[in-house]
Structures are given as C-alpha cells and as structure tokens.
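Chemist: Here it is, the structure, as structure tokens.
Just so you know, all these numbers are worked out from the coordinates, no wet-lab data involved. Keep in mind it's a predicted model, so treat the numbers as computed, not measured. A quick note on method: Cβ atoms are made from the backbone with ideal geometry, for glycine too, and the neighbour counts reach across all protein chains shown.
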Amino acid sequence: MKQIEIAERYFDTLRSADPRMVSSLFREDGVLDDYLGGHHCGWKGIEAFVGRLEPGQIHVSEPVHWLEDGERLTVFARIGLASSEDHEDARWIFHFDEQRIAHVGVTRVDSFPPP
C-alpha cells in the first residue's frame, strides 16, 4: 500500500472513530500527536484517544495538497468538529516505517502552499 493510501485510510478511520482500525495503521510503538497538543504513544495510547471520539465528530476535508518526500508525507486539509462551522487549515506530517505509520503530527497552519 502506498503512503498516500495509508494516509487516506487514516483519515477515513479517524472520521469513523474506530480505535482498532486507526491503531492498526501504526507501528506498535507509533505516535499520534493530535491537533490539541495531545501525545498518544503505542497502540493502547492511540486507541484510548480515538476511543474518546464519536463517529463523525471530527471533520477532515478532502486533502488540498500532498507532498511526498521519501518516508515522509505532508498533507494539507481543513479540520474541525462536525458540530461547528469553524474549521481551520491544518498540516499532517506522517513518518512511515515500511507499510505502517511511525509518527503523525497535526498542527494549524496560516495558509496552504501553492499547488
């Protein structure tokens, strides 16, 4: 599976709030640094974080821009709570180890890079 396909699957499983499906995309010692500054380590930590979410609670738009660089993939999209009209521009930086996510971090950005 290509890195972009893994990232797309990550977004789909995050939207569905399925803890085991999200964690299965990571290495056993993988790390998810969430948008609010949380740091979630390993399958159990990631599952605990995702398990607090309701299906559809997090809205992630279709990615606006993808930047591939070796074992790193940067994705730009909009993120927000489905219950709110407020959405912000965000950047996800994925680091891969073969077919698994080793680390993903998401941060707010002021704008997207040009296409």
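Chemist: Which one of 17, 82, 90 has the biggest mean-square fluctuation once the chain is modelled by GNM with Cα springs under 10 Å?
Modeler: It is 82.
Chemist: Then there's this: Given an 8 Å cut-off on Cα distances and at least 6 residues of separation, report the relative contact order of the chain as a percent.
Modeler: 25 percent
Chemist: Suppose each label sits 7 Å from its Cα in the direction of the beta carbon; what would the residue 68-residue 4 distance come out to in nanometres?
Modeler: 0.6 nm
Chemist: Treating the beta-carbon of each Lys and Arg as +1 and of each Asp and Glu as -1, no other charges, what is the dipole magnitude of the chain about its Cα centre, to the nearest 20 debye? Before the final figure, lay out the partial values.
Modeler: Values: 12 positive and 21 negative charges, 41 e Å.
Value, rounded to 20: 200 debye.
Chemist: Once you've got the GNM for the chain with C-alpha springs shorter than 10 Å, pick whichever of 97, 18, 86 has the biggest mean-square fluctuation.
Modeler: Comparing 97, 18, 86 in a Gaussian network model of the chain, the most mobile one is 86.
Chemist: So how do 10, 35 line up by other beta-carbon neighbours within 10 Å, fewest first?
Modeler: With the sparsest Cβ surroundings first, the list reads 35, 10.
Chemist: Oh, and also: Output ³J(HN,Hα) for the range 4-14: one whole-Hz value per residue in order, computed from phi by the Karplus curve 6.51 cos²θ - 1.76 cosθ + 1.60 with θ = phi - 60°, and x for Gly and Pro.
Modeler: 4, 5, 5, 5, 4, 5, 4, 4, 4, 6, 5
Chemist: Now for a separate question. The chain: D in µm²/s via Stokes-Einstein (Kirkwood Rh, Cα pairs, 37 °C, 0.692 mPa s)?
Modeler: On the way: Rh = 14.1 Å.
For the chosen part, D equals 233 µm²/s.
Chemist: What FRET efficiency would be calculated for the residue pair residue 29, residue 82, taking the C-beta separation as r and a Förster radius of 22 Å, to the nearest 0.05?
Modeler: So, using R0 = 22 Å, E works out to roughly 0.10.
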